[in-house]
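Take a look at the structure set out below.
The values are calculated or read from the model by the stated rules, or taken from the named source; none is laboratory data. Keep in mind that this is a model prediction, so the values were computed, not measured. Cβ placement follows ideal geometry from the backbone for every residue including glycine, while neighbour counts extend to all protein chains displayed.
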Amino acid sequence: MQTIGLIFNGVWSHYAMATAPKYRAIYKLIYIYDLDVAAIEGLEALVIPFQSNQAELVARKSVIYNFLSQGKKVFVEGDSTADWLDAQWEDRPVNNYWWVDNPDNPPVSETNYDHPVYRGLTPRQACWHTHGVYTRIPDYADIVQSTPEGEVISWETNRYGGTLFATTLDPIVEHGVQQISHLDHYVDRLTEWLSGIKPAPGKMTIEKDLYGEGALV
Amino acid sequence: MLNALIISNNIVGLTDYYVSNDLVTYTIAHVSGHFNPDLTPYDVLVVPNGSDHIAMLRIKDKVRAFLDEGKAVICSDGWFTSWVPGNQWVMDNTKRTMDTRYFLKTDAYKLLADVDIDELIYSHGMTGWWACGYIDAAPGADVVVEDTWQRPIVVLDEVSTAGILFLTASGPLADVTHAGEKEVALVKLYRNFMRMLVSRNELISR
């Protein structure tokens, strides 16, 4: 049963992840322009991935917060704007190769491994790279991951009724891209936390027939 | 001078990578819920990495008509919907990125002139960083670059329409040097295609 709504704006990596056999029964693709109360009725969680259309999210802010007020979960990855999230995201250079060039200095130095998404993950599975930082987060939000400089990478708050989790990691996009081979660990933990459903073990696969005329759109 | 229309999905940073210069004048078309841009003033349509392929599918017929007027489309993204005439991008993760290499195949227009293909293969010694999946290329189209498994990665198609399609298997291209970035391989490849278009348009107008 599809219980996680993945808000997407026609970007291929979102599509590749959500339509993979491993995740297809759990994630429902919702085109950003179709996001309204009816489209997400009955879902347990929303995922707002990196490379989202921030202006369109602002226009639908009330739908997202109404969903949260019902005690549900929203996961935000990558960048965001303060126009819909009570936090300040700032861009920073992306370091894809810290583990090659400087493996003793990862972009994230502190992680709360007691958080259900991170429980059982190794440091490499918990951070591959980051897309910017949060320089301000909501009052009383919990910091889940931070940099050696003390800047916030991941945070969580329950102040809106449900649970809002934001991170500058990009697990959904990168799992769709499939250039990082260990992301099944993070995304499977995330999926189980959001939906209560544990994806089938093993590596994500792709179905060729869902590209082109057979696309699920 | 070319007039290019860039399809923007309003994602962070995109428009910083395309700055008008002495070769190309850029106009941005922001995708919306009722996306229906006027393509007629332009020579080339640029569909960059991170584009909305639902929106592109909805203007599929308009893109086809644009090409049939002899104009050009660049798509350097993974078009999972069927809006590109004759060619289909397909995501695939059955091959190991550590085994990925690229090879020049058919390059009638010298699009890889001065392009160090190793820059597309390696980044910090790692391979498989540039493209994703492969292209099911139209019969008769030029496969400019193929990968280790002879799968099309860069395609130039002058046979599917009266125009010209320049496609990568989601390998980013950009015009970033005018935004202060280095002229790396993906910039040179992009600019070589743009220069080819200028020469082609000059020939047509004579």
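Computed quantities for the displayed model
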{"quantity": "Residue in region A:135-156 that is within 14 Å of chain B (Cβ to nearest Cβ), touching a strand residue (DSSP E or B) at 6+ places or on another chain (Cβ under 6 Å) and not hydroxyl-bearing (Ser, Thr, Tyr) present", "calculated": "no"}
{"quantity": "Residue among B:Ser32, B:Ser20, B:Ser8 that alone is at pLDDT below 95 and over 19 Å from B:Val176 (Cβ atoms)", "calculated": "B:Ser32"}
{"quantity": "Residue in region A:46-67 that is within 12 Å of chain B (Cβ to nearest Cβ) and on the phi > 0 side of the Ramachandran plot present", "calculated": "yes"}
{"quantity": "Residue list for region A:68-87, restricted to those being within 14 Å of another protein chain (Cβ to nearest Cβ) and among the hydroxyl-bearing types (Ser, Thr, Tyr)", "calculated": "A:Ser80, A:Thr81"}
{"quantity": "Qualifying residue in region A:29-42 (condition: within 14 Å of chain B (Cβ to nearest Cβ) and small (Gly, Ala, Ser))", "calculated": "yes"}
{"quantity": "Region A:8-21, residues that are outside any strand (DSSP E or B) and either on the phi < 0 side of the Ramachandran plot or at pLDDT below 95 (or both)", "calculated": "A:Asn9, A:Val11, A:Trp12, A:Ser13, A:His14, A:Tyr15, A:Ala16, A:Met17, A:Ala18, A:Thr19, A:Ala20, A:Pro21"}
{"quantity": "Filtered residues of region A:1-32 (kept if touching a Lys or Arg at 6+ places or on another chain (Cβ under 9 Å) and of a type in the set (Ser, Thr, Tyr))", "calculated": "A:Thr3"}
{"quantity": "Residue within region A:22-35 that is in a loop (DSSP other than H, G, I, E, B) and of a type in the set (Lys, Arg) present", "calculated": "yes"}
{"quantity": "Tally of residues being in contact with a strand residue (DSSP E or B) (Cβ under 6 Å, 6 or more places away or on another chain), touching a residue at least 40 places away in the same chain (Cβ under 8 Å) and of a type in the set (D, E, K, R) across region B:116-150", "calculated": "3"}
{"quantity": "Region A:194-217: number of residues that are among the hydroxyl-bearing types (Ser, Thr, Tyr) and within 27 Å of B:His53 (Cα to Cα)", "calculated": "2"}
{"quantity": "Residue among A:Glu90, A:Glu110 that is charged (D, E, K, R) and either under 28 Å from A:Ala38 (Cβ atoms) or within 14 Å of chain B (Cβ to nearest Cβ) (or both)", "calculated": "A:Glu90"}
{"quantity": "Scope region B:116-137; condition surrounded by fewer than 20 Cβ atoms within 10 Å (Cβ to Cβ), part of a loop (DSSP other than H, G, I, E, B) and either more than 14 Å from chain A (Cβ to nearest Cβ) or at pLDDT 95 or above (or both); matching residues", "calculated": "B:Asp116"}
{"quantity": "Selected residue (criterion: farthest from the other protein chains (Cβ to nearest Cβ)) from residues of region A:1-21 that are of a type outside the set (A, V, I, L, M, F, W, C) and buried (at least 20 other Cβ atoms within 10 Å of the Cβ)", "calculated": "A:Gly5"}
{"quantity": "Residue in region A:204-216 that is nearest to A:Tyr31 (Cα to Cα), counting only those that are touching a residue at least 24 places away in the same chain (Cβ under 8 Å) and part of a loop (DSSP other than H, G, I, E, B)", "calculated": "A:Leu216"}
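For (1) surrounded by 17 or more Cβ atoms within 10 Å (Cβ to Cβ); (2) aliphatic (A, V, I, L, M); (3) within 13 Å of chain A (Cβ to nearest Cβ), each residue gets a yes or a no:
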| residue | (1), (2), (3) |
| --- | --- |
| B:Ile6 | yes, yes, no |
| B:Val12 | yes, yes, yes |
| B:Pro37 | yes, no, no |
| B:Lys71 | yes, no, no |
| B:Ile74 | yes, yes, no |
| B:Thr81 | yes, no, yes |
| B:Arg101 | no, no, no |
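A quick yes/no check of all residues on (1) within 27 Å of B:His30 (Cβ to Cβ); (2) of a type in the set (S, T, N, Q):
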position: A:Ala45; (1), (2): no, no
position: A:Asn53; (1), (2): yes, yes
position: A:Val58; (1), (2): yes, no
position: A:Ser62; (1), (2): yes, yes
position: A:Asn66; (1), (2): yes, yes
position: A:Gly78; (1), (2): yes, no
position: A:Asp83; (1), (2): yes, no
